[in-house]
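The values are calculated or read from the model by the stated rules, or taken from the named source; none is laboratory data. Given the structure is predicted, the values throughout are model-derived calculations rather than measurements. Cβ atoms come from the backbone with ideal geometry, glycine included; neighbour counts cover every protein chain shown. Areas reflect the complete protein model, heavy atoms only, side chains present, ligands, DNA and RNA absent. Shrake-Rupley method; radii C 1.70, N 1.55, O 1.52, S 1.80 Å.
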Amino acid sequence: MTKRAWMTAPVAAGVIVGVALAALFVWELRAAGPIAIDDAYITFSYSKNLATGHGPVYGHGERVEGYSNFLWMVLVAIGLRFQTMADPLITARVVAVPFLVLLALSTYALARVRAGRVLAVAAIALLLLDADVVTAFAIGLESLPSAALLTLGFALYLRSWSAPRLARWVVPSLVAVALTRIDGFLPLGYVLAFEALRRLLRREGSVRDYLRWAVPGAAVYLAWFAWRWWYYGLPLPATYYAKALIPRLLPARGREYVRAECLGTGVWIALPFAAWLLARRRLDALFLIAFALLHVAYVIKVGGDWMPYGRFLLPVLPVAAVIIAWGGGDLAALARARLGRGALPGAVLSVLLALAALAFVAKKTERHLTVEPLQLGKMGYAAEQAGHVRKLKSAARLLNHALHPGARLVTDYGGVFAYYTDAAPIEMWGLCNALIATRGGTEGINPIYGRTCPACYPELRPEFFHVWVPIVRDLQAFHSHAQVVAQVWQTDTIGRYLNFQRDFVSGRVMIPATNQAVYFLERRRAGTAYLPRAVDAAIAIDYPFEPGGRTAGL
């Protein structure tokens, strides 16, 4: 008997296509250059504390829910557990690789419901070429894993209509979405409601069957929700309360965000394909299109996102790609059914039409080809923020020499300063501070970033403040305590409740050999003499505006 070769032609073709797609993404990622943002380090701080046995807490033991991506935080923590001293951004990217593969495979499976292999592969290629997908992977946040799990859930759900054995995995996949993003309960609820309505209208199954399908996963989600409410003390993360004023104070922000993204990325090209599928009364298409519209409405309602990376609309991108593929596939199927032997030109034209639409989106979003101001602005901002985060890391590591473990450090960069110091930071935007998030307002700040609460600071008991950007400065950057106070963010408003001139002293952590220093304010302690001290051969701390506090020669 002849042994059957495992490398059949279809398998070989699949391997070649997979390798080509992987190479395409690596090429895009290398072209993107360094990408980082401070907000990701908020999640990383929780992951680090969980990995080192301190629990899912912020900074040095602060029990506040400043993240909104529980499952992703846990997965990064598992990665850090194996490499505690690793760069958390690199760890997050490694952990994200399986989700990138999952996104590609799920998009392919979803596209294949109504489209051929060529269009399904083209839909994957669009995602891997998209600058926002590349940024979502590189930035280390949950956007890409969440989109991957969502696409998986949708693919399983629609395929379960013809393959009932897949139904058991639908709700668990969507529960994973709900655990990965705090607003992930919306697609979970959407699928549960859609399936209930579908069964009702088609008179399929029983109430008991539906409950057996839906309740276990929903119970897991509710148990997790109850735990985090008990553990952190609020029903929703501090991030929610910090951003809750956006719709009221910036009512047009969400519409502007969606409009800019839809025009700048070209995903609007999916609309005629969606209209065609609805005209053909495709229930599966109605499912995807209704979700996309509801998700867009949700983004408008919450006011969009301050990060110019399109991440709030990322879940819509694979759906739009699939809708285009489905539209082309449906047109091709119609041509074959209506034209018989003469169907080939019509079918080919239908596929080419869909490929052209996918190429239209790719040209707008691929970083080598795009001339869109929105996309160019995103790429420029990403490069700027990468350099900014690099400087924040240097500042945090240097300032940490002046901080005792658990120091109450006030910072407007709550990610990097939580991760790279031993402080218990007071995060100024309320993203990681429940008091500011629930009591604060927007005096003097843009509410798209969060809240401020000057009146809260006496209760928050701050011990340290660092100066505003640039944080690392020249040794002689300031010549008086008043100058340092003026260069600490929000001292003009917080100063109504704290006396910075009387109750704080200016200090600096410095590297004399490189003429670098981080200036800070430290709460004055009665009876303490603020004298220079050496940390090691290269680093020293002094208090230049205190009697005897300046290092000799400086």
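Largest first, please: the extent of the C-alpha atoms of the chain along each principal axis, to the nearest Å.
If we take the Cα atoms of the chain, the spans are 96, 56, 48 Å.
State the cysteines of the chain left without a partner when partners are defined as other cysteines whose beta carbon lies under 4.7 Å away.
Cysteines lacking a close Cβ partner in the chain: C262, C432.
How much space per residue, in cubic angstrom, does the convex hull of the C-alpha atoms of the stretch 222-280 take up?
159
If one computes the Cα centroid of the stretch 505-523 and of the stretch 224-293, what distance in Å separates the two points?
Result: 45 Å between the Cα centres.
Within a Cβ distance under 15 Å of L376, other residues only, what is the Lys/Arg minus Asp/Glu net charge?
Neighbour charge sum, excluding L376 itself: -2.
On the accessible surface of the stretch 471-554, probed at 1.4 Å, how many percent belong to carbon and sulfur atoms?
About 53 percent, which is the carbon plus sulfur part of the accessible surface.
Okay, which of the stretch 453-493 sit inside 19 Å, backbone N to the point 7 Å along the Cα-Cβ direction of N515?
470-480
Provide the FRET efficiency to the nearest 0.05 for the L186-H401 pair, computing r from the beta carbons and using R0 = 45 Å.
Given R0 = 45 Å and the Cβ-Cβ separation, E is 0.50.
Could you give the accessible area per residue of the stretch 298-361, probe 1.4 Å, as a whole number in Å²?
Accessible surface, normalised per residue, equals 40 Å².
Rounded to the nearest 0.05, what FRET efficiency do R439 and Y298 give with R0 = 22 Å and r taken as the Cβ-Cβ distance? Could you check?
0.25
Using modelled amide H (1.01 Å from N, peptide plane; none on Pro or chain starts), what sits under 5 Å from the amide H of V410, excluding residues fewer than 5 places away?
I426, E463, F464, F465, H466
Quickly work out the E459-to-L222 label distance, labels modelled 7 Å from Cα along the C-beta direction, and quote it in nm with one decimal.
Using points 7 Å along Cα→Cβ, the separation is 3.3 nm.
So how tilted is helix 283-302 from the main axis of the chain? Cα-based, degrees 0 to 90, rounded to 10.
20
Hey, if you put +1 on the Cβ of every Lys and Arg and -1 on every Asp and Glu Cβ in the chain, which of W489, Y58, V361 ends up farthest toward the positive end of that dipole?
With unit charges placed on the Cβ atoms, the residue in question is V361.
Contour minus end-to-end for R255 and L286, with contour as 0.36 nm per residue of separation and end-to-end as the Cα-Cα distance?
Net length gain for the segment: 8.8 nm.
Using only protein heavy atoms and a 1.4 Å probe, report how much of F504 is accessible, in Å² to the nearest 10.
Roll a 1.4 Å probe over it and F504 shows about 0 Å².
Can you give the FRET efficiency for A167 and A12, using 1/(1 + (r/R0)^6), R0 = 30 Å, r = Cβ-Cβ distance, to the nearest 0.05?
Computed FRET efficiency for A167 and A12 comes out at 0.35.
In the stretch 219-340, carbon and sulfur make up what percent of the accessible area (probe 1.4 Å)?
The value for the stretch 219-340 is 70 percent carbon and sulfur by accessible area.
Can you give me the accessible area per residue for the stretch 140-197, using a 1.4 Å probe, in Å²?
Value returned for the stretch 140-197: 33 Å² of accessible area per residue.
Two decimals, Cα atoms only, Kirkwood Rh: what is Rg/Rh over the stretch 125-268?
Ratio value, two decimals: 1.02.
Once neighbouring chains are kept in place and the probe is 1.4 Å, which whole percent of the accessible area of the stretch 1-151 is contributed by carbon and sulfur? Please list the in-between numbers first.
On the way: 4410 of 6420 Å².
The C+S portion of the solvent-accessible surface of the stretch 1-151 is 69 percent.
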